[in-house]
Amino acid sequence: MQQKGVPGRRAPRPAPTAAERGWDDSMYPDHDQSRGEARAARGNAGGSATGTAPPDTDDPYGVGHHDGTGEEPPKKKRRFLRWFVLVLAVLILGTAGAGYLYYQHLNGNLGKDSLNLGDNKLDRSNPNAAGQTPLNILLLGSDSRESDENVELGGSKGDRDRPPLADVQMLVHVSADRSNMSVVSIPRDTKATIPRCTDPKNDDVFQETTDKINTSLQHGGPGCTVATWEELTGVPIDHFMMIDFSGVVSMADAVGGVPVCVDNNVHDPQSKLRLSKGNSTIKGEQALSWLRTRHGFGDGTDIGRAKAQHMYMSAMVRQLKAGTKLTDPGKLRALAEAATEALTVDDGLGSVKKLYDLGNDLKRVPTKRITMATMPWKYGPNGYVLPKPGDADRVFSLVRNDVALDGKDKKDGKKKPAATASPDPTPSSSPKADIPVRVMNGTGTALQAPVTGRAGAIAGILTGKGYSQAVADRTPKSQADTTISYPTEDDKGNALGVAKSLGIPERLVKHSSAVQGIALVVGTDWREGNAYPEDTRPGDDKGGDDEKEQEAPDSADALRGDDEDQCMNVNPNYVTRAAG
């Protein structure tokens with residue numbers, strides 16, 4: 001069955017103009033709190049919320065007022081004062097109620113949907129030694145035309161009833177210590193295994209298939225795109241955020257425009273982008289045209305579009321960090337409306353407060369430590385884009401291991417702390433012959449075929465080392481990193497014993513409530529040999545002397561967040577004499 005629209009979305013309201021929007025530090029709680037404390041102080045000076053006058057003193061106004069005559073004010077004035085305090089209290093309470101109702105209104109603007117619709121969900125990322133965890137957010141751009149505004153902006157009226165595609169897909173990885181951020185795009189035509197997904201709203205089941213990754217949105221919604229990403233990359237996704245055409249226009253206006261650059265005059269009739277050579281500030285529909293342009297940039301494919309999107313995002317981040325001001329409460333309200341109406345998020349981000357807290361977390365990352373890249377790729381048959389063997393998995397391995405794509409973790413002297421021993425003693429392991437071990441072959445991924453018989457080979461090695469209950473499990477499994485999982489703390493010692501017997505590092509021994517007994521998945525990092533290879537993971541101190549192994553390969557076409565000199569290469573077929 002096909003989905004008729006993007007879940008949780010509704011027809012957007014007319015977007016305010018750029019002149020009505022902007023950004024201001026007054027959005028942050030410390031400002032609101034200081035003003036709230038000032039109001040509370042003034043309210044306490046005037047009396048209680050019940051309208052009762054302050055305790056009787058020789059100052060009947062309760063504010064140190066004297067008329068200079070030494071006489072008390074008339075009772076009429078005292079009655080007026082009490083009335084005034086009562087009205088003031090009602091107004092304060094009424095305003096607070098209105099604020100709460102407006103907050104609820106903004107929450108209601110947000111579209112919400114399930115995070116993951118697949119059957120096999122990855123465990124969340126493990127914390128580092130300091131107890132901090134990485135954060136992975138999937139950003140999606142939908143080509144939905146379910147509203148009149150989206151039809152007008154996107155064209156193709158005949159596609160109005162077509163289920164939307166996720167033509168923009170970017171993974172935002174924020175390091176555990178919040179020192180850096182890596183953004184990885186996957187081209188929309190990437191060939192991917194779209195897993196079996198179930199839409200919880202109507203119990204529609206979409207069977208596993210192989211298709212372009214942008215079609216995953218049609219299999220129940222963004223939660224199936226999340227499941228597809230986890231299947232392809234091995235990276236657990238914590239949240240998603242999705243935006244449509246009208247949302248892009250609204251948000252572009254809200255920040256007051258974004259600076260971009262092209263190396264020649266360009267006119268792409270399909271996206272309606274028209275810019276003159278050099279620097280321009282784009283907003284509204286022009287910003288949407290920039291983000292949608294495919295033919296006008298690079299080789300005229302989706303690859304060039306991803307690069308343009310990275311430039312736009314980097315410039316927008318610089319704009320916001322530069323502190324564009326918004327002092328008009330009406331404009332601030334318009335910005336709040338635009339931001340909440342533009343987004344569909346997972347249920348875990350389904351409130352303004354949660355989004356605000358996330359924003360505060362993200363803004364801790366310095367602009368110079370933000371790196372935007374594209375999954376290394378190659379062209380395949382039938383219009384597919386394929387992950388480039390070696391380079392693509394290297395990028396995803398860096399993300400999985402929380403190593404920055406810019407290669408600066410080590411150079412900055414900010415190497416993440418190594419895992420330390422638990423303060424609690426590790427439980428003693430059982431005799432080897434009493435420990436059941438299930439071994440699975442995870443050496444096959446979207447990037448390469450599995451090594452036949454690998455699970456049986458490793459199970460045989462364990463049997464020879466005394467683990468007589470080690471067996472090979474033929475259940476299909478795809479996992480880039482070898483992992484030993486255990487279900488409870490009582491099983492941890494057994495898991496560590498298995499790891500020691502095979503030379504597997506302790507960092508690859510993980511708790512998982514989804515397993516029964518000890519489960520060993522042999523990943524693509526161990527495709528041959530009887531003992532686990534020397535630990536040369538990206539960014540580790542052992543091995544890996546080549547610093548290039550600690551950063552994104554050249555094929556990822558990485559862009560640094562503080563690079564203001566980047567200019568898009570215009571496709572020669574779309575250069576025009578007069579672009580203005």
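Taking amide H as placed 1.01 Å from N in the peptide plane, Met440 has its amide H under 5 Å from the amide H of Asp473, Leu520, Val521, Val522, each at least 5 places away in sequence or on another chain. Judged by the gyration tensor of its Cα atoms, with axes a ≥ b ≥ c, segment 478-533 is oblate; a/c meets the 1.5 cut and b/c is at least as large as a/b.
Couplings 3J(HN,Hα) of segment 278-294, computed from phi: x, 8, 9, 10, 10, 7, x, 5, 5, 5, 4, 4, 4, 5, 8, 4, 10 Hz, in residue order, whole Hz [Karplus 6.51 cos²θ - 1.76 cosθ + 1.60, θ = phi - 60°; x for Gly and Pro]. Proximity of backbone amide H atoms, modeled 1.01 Å from N, is registered between Lys510 and Ile484, Ser485, Tyr486 at under 5 Å, excluding neighbours fewer than 5 places apart on the same chain. Taking 27 Å as the limit for the C-alpha separation, the pairs Lys321/Lys378; Lys307/Lys363; Lys283/Lys307 exceed it in the case of Lys321/Lys378. DSSP finds beta bridges in segment 112-410, and of those with both partners inside it, around 75 percent are antiparallel. Rounded to the nearest Hz, the phi-derived 3J(HN,Hα) couplings of segment 522-528 under the Karplus curve 6.51 cos²θ - 1.76 cosθ + 1.60 (θ = phi - 60°) are 7, x, 6, 7, 9, 8, 7, where x marks glycine and proline. Let me know the shape class of segment 251-301, please: from the alpha-carbon gyration tensor, a ≥ b ≥ c as square roots of the eigenvalues, rounded when a/c is under 1.5, otherwise prolate if a/b is greater than b/c, or oblate. Because a/c hits 1.5 or more and a/b fails to exceed b/c, segment 251-301 counts as oblate.
If a spin label sat at a point 7 angstrom from the Cα of Gln448 along the line to its beta carbon, the backbone N atoms of segment 501-533 nearer than 12 Å would be those of 523-529. Stretching Asp562 away from Asp263 to a fully extended chain increases their span by 105.7 nm, per 0.36 nm per residue minus the current alpha-carbon distance. Annotation: amide H-H contacts under 5 Å for Asp113 (H modelled 1.01 Å from N, sequence separation of 5 or more, or interchain): Val345, Asp346, Asp347. Note: segment 112-410, Cα convex hull, 148 Å³ per residue.
Values quoted throughout were computed directly from the atomic coordinates according to the rules given, and no laboratory measurement underlies them. The structure displayed is predicted, hence computed values, not measured ones. Please note: Cβ atoms are built from the backbone with ideal geometry, for glycine as well, and neighbour counts cover all protein chains shown.
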